[in-house]
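Novice: I'd like to ask some things about the structure below.
The values are calculated or read from the model by the stated rules, or taken from the named source; none is laboratory data. These numbers come from a predicted model, not from an experiment. Neighbour counts run over all protein chains shown; Cβ positions are idealised from the backbone, glycine included. All accessible areas refer to the heavy atoms of the entire protein, side chains included, with ligands and DNA or RNA removed. Shrake-Rupley method; radii C 1.70, N 1.55, O 1.52, S 1.80 Å.
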Amino acid sequence: MKNRYLYLLGGHSFQKEANKDFVEKAGGARAKIALCIMNSSGWENYVPLFRRTWEPYGVTSVEVIVPNENGEIDLAKAKEILSTSTGIFIGGGDTVAYHHHFATHPFKDWIIDRYQQGIPIAGNSAGALILPECCFISSNDHAEGVMLFKQGVGLLSDILISVHFSEWNERQNLVQAMKLREIKNGLGIDENACAVFINEQFAYSHGESVYRISV
């Protein structure tokens, strides 16, 4: 049975070491990457940046899953892309929007299925936050200015994830959230860091820095 790899990036999508690792686990030059992003203003400009990040490792196949101008995802096309992908990368932006599109049925079921088959999954910022069982959205992360908790994709359990950790001074928010949800384990990931999980266990990190928090 193949190991299951999960890459949680804390804010910067184009970290060299993390992306190299992700692409290698996705098949290197044979990789077929599904890039899941939101249709925020200028989203088209980010796609070439992802391609240029992965091209040095031989990647030529990148297919984008993005909502259309009406805020809808072509689910039949998305399912087809995901079913043949060898790696899935979920970008960053509006966490509530990312959760709405990529952490709800049926999309989350397809992610879970691919992950269970050993397809590596990477998420940056919002994309990282939606992947655990409990999706913690900091008060610093949306206009309402209050903590939000949502049902995430569910690839990790009994842990809360915080991104932009040092940059947003998130330690107090993460600890408070952990106490509210009675979750003993937390992980704070800085913008230029990536936490790597193997078979749902924290294994190692890239960049600086990743903080393990317990309450």
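Novice: In the set V175, V196, which member is in a helix (DSSP H, G or I), among the β-branched types (V, I, T) and out of contact with any Pro (no Cβ under 6 Å at 6 or more places or on another chain)? Spell out the reasoning first.
Specialist: Values: V196 fails: in a helix (DSSP H, G or I).
Result: V175 is the single residue among V175, V196 that is in a helix (DSSP H, G or I), among the β-branched types (V, I, T) and out of contact with any Pro (no Cβ under 6 Å at 6 or more places or on another chain).
To keep it simple, each residue is scored yes or no on (1) farther than 21 Å from S125 by Cβ; (2) of a type in the set (D, E); (3) without any contact (Cβ under 8 Å) to a residue 60 or more places away in the chain.
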{"residue": "V64", "(1), (2), (3)": "no, no, yes"}
{"residue": "K77", "(1), (2), (3)": "yes, no, yes"}
{"residue": "E80", "(1), (2), (3)": "yes, yes, yes"}
{"residue": "G93", "(1), (2), (3)": "no, no, yes"}
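Novice: Same structure, new question: It is to be established whether one or more residues within region 110-117 are within 21 Å of V163 (Cβ to Cβ) and charged (D, E, K, R).
Specialist: Scanning region 110-117, I find no residue that is within 21 Å of V163 (Cβ to Cβ) and charged (D, E, K, R), so the answer is no.
Novice: Based on what the data block shows, is G93 within 16 Å of the chain's Cα centre (by Cα), of a type outside the set (K, R) and at positive phi?
Specialist: Values: within 16 Å of the chain's Cα centre (by Cα): yes; of a type outside the set (K, R): yes; at positive phi: yes.
Yes, satisfied.
Novice: Further question: For region 8-53, what are the residues that are over 21 Å from A195 (Cα atoms) and among the hydroxyl-bearing types (S, T, Y)?
Specialist: Once the filter is applied, which keeps residues that are over 21 Å from A195 (Cα atoms) and among the hydroxyl-bearing types (S, T, Y), region 8-53 yields S40, S41, Y46.
Novice: Here's another thing I want to ask about it. Among the strands (runs of 3 or more DSSP E) confined wholly to region 109-156, which include 2 or more residues that are buried (at least 24 other Cβ atoms within 10 Å of the Cβ) and among the small types (G, A, S)? Walk me through how you get there before you give the answer.
Specialist: Details: elements: 121-124, 134-137, 148-151.
Once the strands (runs of 3 or more DSSP E) in region 109-156 are filtered for at least 2 residues that are buried (at least 24 other Cβ atoms within 10 Å of the Cβ) and among the small types (G, A, S), what remains is 121-124.
Novice: Give me the pairs: first residue in region 1-13 and over 17 Å from Y204 (Cα atoms), second residue crowded, with 22+ Cβ neighbours inside 10 Å, beta-carbon distance under 6 Å, and six or more apart or on different chains, which are they?
Specialist: G11/S125; G11/V163; S13/N124
Novice: Please go through region 138-171 and pick out each residue that is farther than 23 Å from G207 by Cα and aliphatic (A, V, I, L, M).
Specialist: A143, V146, M147, L148, V153
Novice: Specify which of the listed residues (L187, L180) is part of a strand (DSSP E or B) and either open to solvent by 20 Å² or more (accessible area, probe 1.4 Å) or within 28 Å of W110 (Cα to Cα) (or both). Can you show your working first?
Specialist: Numbers: L180 fails: part of a strand (DSSP E or B).
Of the residues listed, the single one that is part of a strand (DSSP E or B) and either open to solvent by 20 Å² or more (accessible area, probe 1.4 Å) or within 28 Å of W110 (Cα to Cα) (or both) is L187.
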